[in-house]
Amino acid sequence: MIDLQKLSQEAKEASITASTVEELSKVQNQYLGKKSELVKAKKGLGSIPESDRATAGKELNEARESIEIIFTERKLEIEEAEWDLNLASEKIDLTELLNPITRGHLHLITQARDQLEDVFVGMGFTVAEGPEVETAWYNFEALNIPDWHPARGNFDTIFVDLGEPEEVMLRSHTSPVQIRTMERQAPPIYIVAPGRTFRTDSADSTHLPAFNQIEGLVIDKGITMGDLAGTIDAFVQAFFGKEVKSRLRPSYFPFTEPSAEFDISRPDGSWLELGGCGMVHPNVLSNCNIDPEEWQGFAFGFGIDRLVSMRYQLDDIRELVLNDARFLRQF
Amino acid sequence: MKVLLSWLKEFAPDIDGDPVELGETLSALGLAVESMSIIGEELSGVVVGQVLELKPHPNAERIQLVDVDLGDGEPTQICCGAFNMSVGDFIPVATIGTVMPGGMEIAQRELRGELSNGMCCSASEIGMGLDSEGIMILSNPNADLEIGTPLNQALGIEPDVLWDLEVNANRPDAMSVAGVARDLAAALQIPFAFPRIDVGESGNANETNVSVRIQDASLCGRFLTRVIKGVSVGPSPRWLQNRLVNLGMRPINNVVDISNYVMLELGQPNHTYDMAKVAGGILGVRRASNGELITTLDGTERELSDIDGVITDADDKPIGIAGIMGGESTEISETTEEIIVEVAWWDPPSISRTVKRLNLMSEASIRFRRGVDYGENMVRAVDRVAELLAECGGVATSGIVEAKGDLPDRSPIIVRPAKINALLGTGLTPDAMERHLSSIGFEITQKRKNLNVTVPTWRWDTETETDVAEEIARMHGYENIARTVPRGSQAGELSQFQKDRRLVREVLVGVGFDETMPMPFLAPGDLKLSGLPEEAISLSNPLVHEESLLRTSLLPGQLKLIAYNQSHRINDLKFFEIGHIFLPPDEGDLLPDEREHLSVAIVGEDAPSAVKILNLLGNALVLPNLQLKEPTADGLHPRRSSSVLVAGKPYGHVGEISPRTLQRFGITGRVAWLELDLGKLLEGPHGKRRYVKVSKYPTSDIDLAFDVPESVRSAEIEGCLRKGGGKLLSNLMLFDSYKGESMGEERRSLAYRLRFQSTETTLTDSQIGELRQKCIDEVQKKTKARIRE
């Protein structure tokens, strides 16, 4: 009868000498294979006395089980070590970055415009748009600016070679969209109209001949100048922050009466002029076949480029049309 | 409009307080303070000097050596960069040790080997006005300047506050010191009054041998004249010069200066004629005839048209353009003794049209086109000129000669207090409204349910009830209007187009594109360089020649941007733009055919990269039946670009910009390009997503490779494969395109992987075999491609 304890001890020692799964399998075969001592001993069970046979068989089975466990555990150990080795060999220097993936960038004007649109949509406005080339009717006359009006000179209009002289122009403000909206849609009207506008301003660090404005128009029953001031206040807080205040100062625009400039407060307590606003002039409503006795409303507008320029402290507003990739990718 | 505190106080003596707070009050009245400065503060060290000798600097051309007497009778040498003074002139000199308003301390300096012992000053350098051109030459009309005395003392300058106010087009009254004082006094609730004017008339009416005829009553509402005799033309008094300089006008002579002074003070432009040069002593007013000529005070001969107004003499010859500028022929000169003073009211639209036609803006026309006061102030102005001229020896002959034309309608405006409150969101009583209005000269002639409001003659702009509402709001204070928000509730939302446009932007940004926004102007030649048709809408008054056309495509602008960035050695450019383009108007339309385009440019990549972006957008927007078809567009590579069709309609082009075009712009490398009419595209069918049940049955893949001649496009083969595979073809992908010697001339191998799957059953091998054959047959029947076995 073999010494099972010794066999088990031997198997354990042999298993440790194997360093790969293949080697282990060979060793395992020596101890558990067809030609192993255990198998021979099992075959030899018939030659031992019957009274001892059951005990001997049990001992053999137990020995087999314990040796099997030895090899199973050793196999796991080797596999773990092999994984460690394999993974270690796959080392990559993650700081070696070839062909990086980059995101693109929305233009600063688009970012600001989207943000403004979102604030006003949140306040119940829809977004209206119109053409960039306009007729004198939409750009001036319907807005209560007759041809002789001194204010026309203030617009420094860029005219287009179509129609009669000075009949067609690049819109000098987004206000024509007010008229187009009122012609198309019956009140109540709650719109903002962002878009490109044009003036004969030579490009310099603070001027561009093509720039962007956003315009708001509300026409409803019982709209007051208090509503105008309150709406501007709500917008200013939503866009610039809760701590920012607004104020209105008397001003003049032919298409609003009363008219105002609106300022926002700066951290140092001073005021910054942001835009113009006022109660829609009755003539403008009449020009769009809206009865000024039944409907009232307000309008407001301001420049987007200036807002962007202030927010990022651009020292030259021409950056916004130069489209230098090194500028575009900063935002 | 600039105003001085001391001048305002002549009309409202009780004005008091912190200049900054007074400025806030002016701003709250709608007279926004653009700048404020304290002037005439003691500048210790600046004295009156007299030029003794002027010598060229031996070593510097742009500097001269000025010897000045600073009171000690000895020459003090100063190096000076200005050349406008002459020997004998009195000039302000900052002596050594003077600290200038900017903080600079004057010290002895050496300039190219010559000593400079002080500084000759311009007006702006010492806070005496805005003139920074040349050294300030101090006039000495009464020979009372004492050399060496401190400048302020010598000139009689008192410390004062100067505000520069922004006056809106609807405030003709505020284009004068008195008008600003009236508003400010009302806001401060202090008295306002015009000082009494003493004309000191003498002689009898017969001496007033001037007559006035208004031939066009629509042009001139009122025309007043006064004749002043015995004037001696010379420099005006120092105090008057100082005020003009402070308000930004250059003193010329006493007659011109007084005329300007009264305009600034009372807002009433006025004109002075040398009576001896006015033929017949008759002034007429009429419209000019087309082609009539006049030489104006500035020495320019101008051709008139029948919209312009003129003042004529007895010979009906024009001697001035109404409300714009006087004529040279009757100009005041040193020999003038007798003067006709004119104060008139011109029809604002007429003046505006002439200003625009002649492009001739003057201090007078700025006021006339807004509508000056047509009431008592006209008399006040003509009298004030006479009063001031009396200081220069002038004697007013008795009486004002006056003619009248059509004056503005002064019937009262009916103002409904309820309407005013409903507009402003206030709860003002009629009494409060009356108080606000009377404080600025509006008269309430009747007060029952409604107010009858008579507008003062100095507010030509005020015509309607809402105009009056603004005046009430202004005096009530905009800041005292309670803030509310509109009660009507609306659901705000972006339109589908706006949402889709944002989606396009986000998709492109997500795959690395930077958004660009060039201006939409092109230079003549840009279109030709870009290979595009040259027809484009031009601007009538472009700022520069290079920006005189409106773009018809986004291509030229993007080419310029790419070239610009490459010139700064940035080559990894992936740009997109969404912007308007302008095509000539459609038949019968006035406005251009304006469209919103999208462009995508990938520098350094070829056409397929652009097609991938197109497909990506097609996927994001769910464009049905996206197809590429010939022909391509101008400016693009003839063999590497196609039209883009969605549901059979063309919306733009995709591919590559022609290397010939790129070469003209100096762009290196290839540029993949996509331009779509985004506006039209998003009006068309898109965005419909349908649920298709995911099949639980197994899939079978087969690969098919075809030998394809150059003339056959992959899309055609794909079409055949789809047709052959029918509903069971769940996926189709080109996985290899091979062109090589083994393929022969102008042929290539295209290999596709087809995945078949049924939603109802497991497909058998024989079914797959049949499908395979159907696909091959379809391709071979419809195209010249052949299966590669």
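Things to note:
- Residue within region B:544-564 that is at pLDDT 95 or above and surrounded by fewer than 15 Cβ atoms within 10 Å (Cβ to Cβ) present: no
- Criterion applied to B:583, B:598, B:591 was being more than 8 Å from every other protein chain (Cβ to nearest Cβ), at negative phi and surrounded by fewer than 22 Cβ atoms within 10 Å (Cβ to Cβ), and the one residue passing it is B:583.
- Only one entry of B:500, B:514 meets the criterion of being surrounded by 15 or more Cβ atoms within 10 Å (Cβ to Cβ), facing another protein chain (nearest Cβ under 7 Å), out of contact with any Cys (no Cβ under 7 Å at 6 or more places or on another chain) and touching a residue at least 60 places away in the same chain (Cβ under 8 Å), and that entry is B:514.
- Qualifying residue in region B:268-286 (condition: closer than 22 Å to residue B:387 by Cα, hydroxyl-bearing (Ser, Thr, Tyr), surrounded by 18 or more Cβ atoms within 10 Å (Cβ to Cβ) and more than 31 Å from the chain's Cα centre (by Cα)): yes
- Identity of the residue in region A:94-112, out of contact with any Gly (no Cβ under 9 Å at 6 or more places or on another chain) and within 22 Å of residue B:577 (Cβ to Cβ), that ends up surrounded by the fewest Cβ atoms within 10 Å (Cβ to Cβ): A:111
- Residues located in region B:716-738, provided they are exposed (fewer than 13 other Cβ atoms within 10 Å of the Cβ) and either without any contact (Cβ under 8 Å) to a residue 12 or more places away in the chain or not in a strand (DSSP E or B) (or both): B:726, B:727
- Scanning region B:468-497 for residues that are at the interface with chain A (Cβ under 7 Å from one of its Cβ atoms), crowded, with 21+ Cβ neighbours inside 10 Å and not in a loop (DSSP other than H, G, I, E, B) yields B:469, B:470, B:473, B:474, B:478.
- Enumeration of residues in region B:62-73 that are out of contact with any Asp or Glu (no Cβ under 6 Å at 6 or more places or on another chain), under 16 Å from residue B:116 (Cβ atoms) and without any contact (Cβ under 8 Å) to a residue 24 or more places away in the chain: B:62, B:64
- Residues that are facing another protein chain (nearest Cβ under 10 Å), touching a residue at least 40 places away in the same chain (Cβ under 8 Å) and not in a loop (DSSP other than H, G, I, E, B), drawn from region A:225-258: A:225, A:227, A:228, A:231, A:232, A:234, A:252, A:253, A:256
- Residue under evaluation residue B:732, criteria (1) more than 60 Å from the chain's Cα centre (by Cα); (2) closer than 27 Å to residue B:645 by Cβ; (3) modelled with pLDDT of 95 or more, criterion not met: (1)
- Positions within region B:644-658 being touching a Lys or Arg at 6+ places or on another chain (Cβ under 7 Å) and under 22 Å from residue B:513 (Cβ atoms), in sequence order: B:651, B:655, B:656
- Listing of strands (runs of 3 or more DSSP E) fully contained in region B:85-203 that carry 2 or more residues being in contact (Cβ under 8 Å) with a residue 40 or more places away in the chain and farther than 30 Å from residue B:382 by Cβ: B:90-94
- In this structure, residue B:533 does not satisfy being touching a Phe, Trp or Tyr at 6+ places or on another chain (Cβ under 9 Å) and away from every other protein chain (no Cβ under 12 Å).
- Within region B:2-57, the set of residues being within 14 Å of chain A (Cβ to nearest Cβ) and in a loop (DSSP other than H, G, I, E, B) comprises B:29, B:30, B:31.
The rows are residues; the columns are (1) more than 14 Å from chain B (Cβ to nearest Cβ); (2) touching a helix residue (DSSP H, G or I) at 6+ places or on another chain (Cβ under 6 Å); (3) closer than 20 Å to residue A:214 by Cβ; (4) of a type in the set (A, V, I, L, M, F, W, C).
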site	(1), (2), (3), (4)
A:262	no, yes, yes, yes
A:266	yes, no, no, no
A:298	no, yes, yes, yes
A:304	no, yes, yes, yes
A:312	yes, no, yes, no
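- Put simply, of B:262, B:199 the only residue that is of a type in the set (Val, Ile, Thr) and either more than 24 Å from residue B:345 (Cα to Cα) or surrounded by 22 or more Cβ atoms within 10 Å (Cβ to Cβ) (or both) is B:262.
- Residues (under 28 Å from residue B:764 (Cα atoms) and either in the same structural domain as residue B:741 (by TED's automatic domain parsing) or surrounded by fewer than 13 Cβ atoms within 10 Å (Cβ to Cβ) (or both)) located in region B:686-696: B:691, B:692, B:693, B:694, B:696
- Qualifying residue in region B:640-653 (condition: surrounded by 13 or more Cβ atoms within 10 Å (Cβ to Cβ), within 39 Å of the chain's Cα centre (by Cα), within 23 Å of residue B:717 (Cα to Cα) and not charged (D, E, K, R)): yes
- Flag if residue B:26 is within 34 Å of the chain's Cα centre (by Cα) and surrounded by 15 or more Cβ atoms within 10 Å (Cβ to Cβ): yes
- Listed here are the helices (runs of 4 or more DSSP H) enclosed by region B:364-459 that have at least 1 residues being of a type in the set (S, T, N, Q) and within 34 Å of the chain's Cα centre (by Cα): B:376-390.
- Restricted to strands (runs of 3 or more DSSP E) entirely inside region A:144-224, those with at least 1 residues that are charged (D, E, K, R) and either crowded, with 22+ Cβ neighbours inside 10 Å or not assigned by TED's automatic domain parsing to the domain that holds residue A:123 (or both) are A:210-220.
- Some residue of region B:762-775 being touching a Lys or Arg at 6+ places or on another chain (Cβ under 7 Å), crowded, with 16+ Cβ neighbours inside 10 Å, on the phi < 0 side of the Ramachandran plot and not hydroxyl-bearing (Ser, Thr, Tyr): no
- Scope region B:98-114; condition surrounded by fewer than 12 Cβ atoms within 10 Å (Cβ to Cβ) and touching a Ser or Thr at 6+ places or on another chain (Cβ under 8 Å); matching residues: B:105, B:108, B:110
- Residue match in region B:429-448 (condition: out of contact with any Lys or Arg (no Cβ under 7 Å at 6 or more places or on another chain), surrounded by 16 or more Cβ atoms within 10 Å (Cβ to Cβ), over 24 Å from residue B:25 (Cβ atoms) and at the interface with another protein chain (Cβ under 9 Å from one of its Cβ atoms)): no
- Scanning region B:566-576 for residues that are within 9 Å of chain A (Cβ to nearest Cβ) and touching a residue at least 12 places away in the same chain (Cβ under 8 Å) gives B:572, B:573, B:574, B:575, B:576.
- Scanning region A:118-130 for residues that are crowded, with 20+ Cβ neighbours inside 10 Å and within 7 Å of chain B (Cβ to nearest Cβ) yields a count of 4.
The values are calculated or read from the model by the stated rules, or taken from the named source; none is laboratory data. Everything quoted here is computed from the prediction, not taken from an experiment. Every residue, glycine as well, gets a Cβ built from its backbone with ideal geometry; the counts of neighbours run over all protein chains shown.
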